[in-house]
Each structure stands twice: as structure tokens, then as C-alpha cells.
Amino acid sequence: DSIKNHLGQLQQAAGMEALAGLLGYYQLMADHTNFHQCALHTYDTMQFMRVDKAAANALQILPKPKETARSPTSLYGFLNKCRTSLGSRRLNTWVAQPLLDVKEIQMRLDVVEIFKEDAELRQSLHSEYLRKVHDLDKTTARFHRIS
């Protein structure tokens, strides 16, 4: 019943978020140097399992606020052997938003298996390539703070 009372506010908040996204897109497109550099795409949320907060807490999917990201008391902490913050964030997304499509899950597992079985490939990938990849999420966040 209380959700019905606040439905208008929730819809308004979602609408405001959508409007903010469109305005950001408009600002990008208004700059002629960005012409044909950006595209607006839909994001299919139906490919992921919906896990509410109560279920996530009961299943201990993510660490509690006072725990570290590598704390083994959560699924994420147990699995997190990532060497880069970009990898840690990707793992967080994968754990928090489980896939539903069996083919997609199997493809992901195949890639994980390759890296699990081939330590030399894992090491060379990290030392030769991943160390040189800049964290674009952090760089983008810095630009947003500056502007």
C-alpha cells in the first residue's frame, strides 16, 4: 500500500534520471567535435536476474559496508582475486547481476576456465597488457569533477 502512495514520486524520480541522461547526451552532441562519436543505446535489463537487497544480504553476495572488498565472508570477496580495480568492478557487476541466458553463462565460464588453467597466459596478459590499461572509469570521474 505504501508503494502505491509513492508511485508518482518514484515515476517522477525515474523520469528525472532519464531526462538527466538525455540532457547529458544532448550536451555531448551539441559539441561539433563529438559529432558521430557517440551513440545512445538501450540496455536490456531482462538478461540479468533481479536480486533484491534482502536476498543479496541473505546470500552474502557482496561484502557488508564495514568489510573490505577481499573479505571472504561474501561471494564477491571470496572470488575477488583481481589485480586491477577495473577487474574488481567487473567482477562486482557480474556477481551482483547474475546472467540468465545459459549460453552467455557458459561463454563466461569458458573464458574463466582458460585463464584458470593457463597461468602463463594469465601472467603475460597482466604484465604485458593489463598494467598498461588506464582505468577509464576513474579518468572519466575525474573529468566530471573538474567540469
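The values are calculated or read from the model by the stated rules, or taken from the named source; none is laboratory data. All figures in this text were calculated on a predicted structure; none of them were measured in a lab. Virtual Cβ from ideal backbone geometry, glycine too; neighbours counted across all protein chains shown. Note: areas computed on protein heavy atoms with side chains; ligands, DNA, RNA excluded. Shrake-Rupley method; radii C 1.70, N 1.55, O 1.52, S 1.80 Å.
The stretch between Y25 and S85, if pulled fully straight at 0.36 nm per residue, gains 18.9 nm over its current Cα-Cα span. Shown here: segment 20-72, whose C-alpha atoms stretch 49, 26, 17 Å along the first, second and third principal axes, sorted largest to smallest. A DSSP coil position with no more than 16 other Cβ atoms inside 10 Å describes the following trypsin sites (Lys or Arg not before Pro) in segment 72-118: K81, R83. Only helices enter the 222 nm calculation for the chain: every DSSP H run of n ≥ 4 contributes -39,500 (n - 2.57), and dividing by all residues gives -19500 deg cm²/dmol, rounded to 500. Extension gain for the segment T140 to Q47, taken as residue separation times 0.36 nm less the Cα-Cα distance, is 30.8 nm to one decimal. For segment 73-83, the Karplus equation 6.51 cos²θ - 1.76 cosθ + 1.60, evaluated at θ = phi - 60°, returns couplings of 7, 10, 4, 4, x, 5, 7, 6, 10, 5, 9 Hz by residue, with Gly and Pro reported as x. Considering every Cα-Cα pair within segment 79-147, what fraction, in whole percent, is farther apart than 17 Å? So the portion of pairs separated by more than 17 Å is 57 percent. Excluding ligands, DNA and RNA, the accessible surface per residue across the chain is 87 Å² with a 1.4 Å probe.
Rounded to the nearest 20 debye, the dipole magnitude of the chain is 600 debye, with +1 charges on Lys and Arg beta carbons, -1 on Asp and Glu beta carbons, and the Cα centre as origin. Between Q60 and V111, the simple spin-label model (points 7 angstrom out along Cα→Cβ) gives 2.8 nm. What's the carbon and sulfur percent of the chain's accessible surface, probe 1.4 angstrom, rounded to a whole number? Carbon and sulfur together cover 61 percent of it. Scan the chain and report its longest stretch carrying no chymotrypsin sites (Phe, Trp or Tyr not before Pro) that are both in a DSSP loop and have at most 14 other Cβ atoms within 10 Å. The longest uninterrupted stretch comes out as 44-128. Over every Cα atom in the chain, the radius of gyration and the widest Cα-Cα span, Dmax, amount to 19.6, 58 Å. Taking every C-alpha pair closer than 8 Å and separated by at least 6 residues, the mean separation divided by the residue count of the chain gives a relative contact order of 16 percent.
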